[in-house]
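Everything on this sheet refers to the single structure shown next.
The values are calculated or read from the model by the stated rules, or taken from the named source; none is laboratory data. Quantities reported herein were computed from a predicted structural model and do not represent experimental measurements. Cβ sites come from the backbone with ideal geometry, for glycine too, and all protein chains shown count toward neighbours. Only protein heavy atoms, including side chains, enter the accessible area calculation; ligands, DNA and RNA are left aside. Shrake-Rupley method; radii C 1.70, N 1.55, O 1.52, S 1.80 Å.
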Amino acid sequence: MARPMGPVRLRRTNYVTLSIGAALCIFIIYFLTSPGGHSRSTTKHSSPIPKPSHKVRRDVQRFDLNKVTITNDPVGNKEKILILTPMARFYQEYWDNLVKLNYPHELITLGFILPKSKEGNAATTALQAQITKTQKGARPFRKVIIERQDFEPPLASQDESERHKLANQKDRRAAMSKARNSLLFTTLGPDTSWVLWLDADIVETPPTLIQDLASHNKDLIVPNCFQRYTDDSGKLAERAYDFNSWQDSNTAQELAATMGPEDLLLEGYEELPTYRTLMAYMELEDMNDVRAEVPLDGVGGTALLVKADVHRDGAMFPPFPFYHLIETEGFAKMARRLGWHATGLPNYKVYHYNE
Ligand code: GDP
Ligand code: MN
């Protein structure tokens, strides 16, 4: 049984102990809370790190991602666009076309990544000269970011015949993926609404490219990438260039099922007959409707508009075989696994440089 608590008579010695204790407590509390205390004034001189003062406000930025709109009227809603370009070579025609885009430049951030090779150095110099000129002009971009790659490009030659050899694809496209990922993860902002991937050799697009693509309000949307050339009779003609935008086929799926985990199912090679439906050849069906949409399973990245939320969800460019796909085609697959869909515009064309 517990003893009931009642008034306890203190002995005289207890009063003395209590008073000493109270005095000590007051002293300790004063010592700990005094602003100009002895301990402070000594550490001030001995510590290289200044103590935070109440007067210094740290730089805090708050972003409510729900308020970053991604709509079919990006100009009206002042949506910020990030244009990302991996660049191995500089083409003046690319820059001239870029500057002609009539989306408000004050809403556009440009991001570039260039390899640290001789060609990459030359491209960087040429690019910087144009940036300086444009940023001093009447319509400067909101911000420009130039990055140099921190790894070696796998191919010594950037010539088209060398680039497109089947044996070179795995290493080349893995390197391309890493370049794209580095660029994306260092530039995507909390206020970015859209990411436009635009290759450095896209030399001709409608000036309304961004508005046109965004007006479809699709997660990933890709125009048809063509190439102009002079035919045998000397007449100006055009042909399909990018075969990475496609709809999957049963044949390709069956082929993939027989492959090892590290094998790639690439498009546009005789050695790998996939019988996928290529957007490159779809435009023949109906030439006039530039707004015609088709669902896609794989996308090319020569010009590709992506809702920034797709990337923010984690969709990137796999630098390894992902469902036997790599780079931009792997990206479409990864986005799909995250619940986002790819759309193609067979009759809306952009043009690739012709070497
Ligand atoms: P293709 O048109 O499919 O043959 O592909 P490209 O060789 O044109 O490459 C696509 C884009 O990536 C272009 O903008 C190139 O300038 C760029 N590029 C190619 N290789 C590299 C590389 O190693 N590093 C970087 N940073 N960019 C590259
Ligand atoms: Mn190219």
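General remarks:
- For residue 108, net neighbour charge (Lys/Arg +1, Asp/Glu -1) across residues whose Cβ lies under 14 Å away: +3
- For segment 68-352, the share of accessible area belonging to carbon and sulfur comes to 50 percent (1.4 Å probe, ligands and nucleic acids excluded).
- Model label sites at residue 148 and residue 73, defined 7 Å from Cα along the beta-carbon direction, differ in position by 4.6 nm.
- Note on residue 78: aspartates and glutamates with a C-alpha under 19 Å away, same-chain residues under 8 apart excluded, are 64, 106, 191, 212, 219, 309.
- Accessible surface computed residue by residue for segment 159-281, with neighbouring protein chains in place and a 1.4 Å probe, gives 45 Å² per residue.
- Note: relative contact order over segment 68-352, using C-alpha pairs below 8 Å and six or more positions apart, is 24 percent.
- The calculated Kirkwood hydrodynamic radius for segment 68-352 is 19.3 Å, given to one decimal from all distinct C-alpha pairs.
- Set of lysines with alpha-carbon distance to residue 133 below 21 Å, sequence-local pairs under 8 removed: 100, 143
- Antiparallel %, DSSP beta bridges [both residues in segment 68-352], to 5: 45 percent
- Stretch gain in nm, segment residue 290-residue 275, where the contour uses 0.36 nm per residue and the Cα spacing is subtracted: 2.9 nm
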